[in-house]
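Chemist: The structure is given below, and queries will be raised subsequently.
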Amino acid sequence: MMKRKPLIAGNWKMNTSLEKARELATEIKGMVLDEVNGNVEIILIPPFTHLSTVNGLLSGSNIKTGAQNCSQFYDGAYTGEISAAMLQSLKVGSVLVGHSERRQYFGETNQILAEKVKRALEAGLTLIFCCGEMLSDRESEKHFEVVKTQLDEGLFHIAEANLGKIVIAYEPVWAIGTGRTASASQAQEMHAFIRRLVIDHYSERAGKEMRILYGGSVKSGNAKELFSCEDIDGGLIGGAALESRGFTDIVKAAL
Ligand code: PGA
């Protein structure tokens, strides 16, 4: 079987001035070039306003850019929205869909996310589809059911031929920005479950090829243990992506 290439994505969320974004991208580019050498895929996900600048700074490196969100609509009178096609026209390669902060604070339902997935694919973008349960779901032992529903309703309408454009990120909401990481065994258990869902819905091969990232308080100190789990193919990094040394240490942990 083909080995899945690890992916580390740094989600800057609503952080960084343009100047800080420049600094961070330049530092990361300088630090990872030699050591990683194409063995780990790296995506930096700055705010929309910094995408063009960061993209320009990263040219000539293996590091790519992604966006944090896109609209479920094509174009038109949707003030404040950014379409998938606009991202594509900026040469941004990927987009996050369904981050828990979008679900929680901006009312994005599985049905809206299903539309976003379609728009992103139509624009030729790769997408990182996020899923994950709230603490109350885990406490009431509904975490598997919640994640299954998120994938069934938000993602699994796409054709198998498009799965090469998809990465799944499992991010338990109780672990995001809290300093409380899922243990490696909790994460591995859910990743194996997600892989099984992909196999059951599509095929054995689709499941084996699907990259599944873990996100939620990943730091240089816990990255190695998480990434060494069989079904964890890298990470979606929030807080620790805002500091170049910590982020590149996480990248190295995926080697
Ligand atoms: P965190 O965020 O690493 O700060 O927990 C992860 C994410 O939200 O993608």
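The values are calculated or read from the model by the stated rules, or taken from the named source; none is laboratory data. Predicted, not measured: the structure shown is a model, and the values here were computed from it. Positions of Cβ are generated from backbone atoms using ideal geometry, with glycine treated the same way; all protein chains shown enter the neighbour counts. All accessible areas refer to the heavy atoms of the entire protein, side chains included, with ligands and DNA or RNA removed. Shrake-Rupley method; radii C 1.70, N 1.55, O 1.52, S 1.80 Å.
Chemist: Which ones in the range 153-162 are of a type outside the set (S, T, N, Q), open to solvent by 20 Å² or more (accessible area, probe 1.4 Å) and touching a residue at least 40 places away in the same chain (Cβ under 8 Å)? First the steps, then the outcome.
Modeler: Taking the range 153-162 and keeping what is of a type outside the set (S, T, N, Q), we get 153-161.
From the residues that got through so far, the ones that are open to solvent by 20 Å² or more (accessible area, probe 1.4 Å) too are 153, 157, 159-161.
153, 157, 160 - these are the residues of the range 153-162 that are of a type outside the set (S, T, N, Q), open to solvent by 20 Å² or more (accessible area, probe 1.4 Å) and touching a residue at least 40 places away in the same chain (Cβ under 8 Å).
Chemist: Could you please find all residues in the range 66-82 being more than 14 Å from the ligand (Cβ to nearest atom) and either at pLDDT below 95 or touching a Gly at 6+ places or on another chain (Cβ under 9 Å) (or both)?
Modeler: Taking the range 66-82 first, the residues more than 14 Å from the ligand (Cβ to nearest atom) are 70-82.
Within the range 66-82, none qualify.
Chemist: Right, here's the next one. When the residues of the range 122-139 are narrowed to those that are modelled with pLDDT of 95 or more and more than 21 Å from residue 197 (Cα to Cα), which ends up most open to solvent (accessible area, probe 1.4 Å)?
Modeler: The residue in question is 122.
Chemist: Going residue by residue through the range 190-198, is there one that turns out to be surrounded by fewer than 23 Cβ atoms within 10 Å (Cβ to Cβ) and either farther than 22 Å from residue 133 by Cβ or in contact with a Cys (Cβ under 6 Å, 6 or more places away or on another chain) (or both)?
Modeler: no
Chemist: Can you confirm whether the range 52-62 contains a residue that is touching a residue at least 24 places away in the same chain (Cβ under 8 Å), of a type outside the set (Val, Ile, Thr), within 30 Å of residue 32 (Cα to Cα) and buried (at least 22 other Cβ atoms within 10 Å of the Cβ)?
Modeler: Here is the first cut: in the range 52-62, the ones touching a residue at least 24 places away in the same chain (Cβ under 8 Å) are 52-55, 57-58, 61-62.
Right, trim to of a type outside the set (Val, Ile, Thr) and you get 52, 55, 57-58, 61-62.
In the following step, the residues that additionally are within 30 Å of residue 32 (Cα to Cα) were identified as 52, 55, 57-58, 61-62.
Next, from what is left, pick out any that are buried (at least 22 other Cβ atoms within 10 Å of the Cβ): none.
Within the range 52-62 (the criterion being touching a residue at least 24 places away in the same chain (Cβ under 8 Å), of a type outside the set (Val, Ile, Thr), within 30 Å of residue 32 (Cα to Cα) and buried (at least 22 other Cβ atoms within 10 Å of the Cβ)), the answer is no, since none of the residues qualifies.
Chemist: Residue 212 versus (1) more than 15 Å from the ligand (Cβ to nearest atom); (2) surrounded by 17 or more Cβ atoms within 10 Å (Cβ to Cβ); (3) more than 26 Å from residue 27 (Cβ to Cβ): which is the lone unmet condition?
Modeler: Checking residue 212 against (1) more than 15 Å from the ligand (Cβ to nearest atom); (2) surrounded by 17 or more Cβ atoms within 10 Å (Cβ to Cβ); (3) more than 26 Å from residue 27 (Cβ to Cβ), the one that fails is (1).
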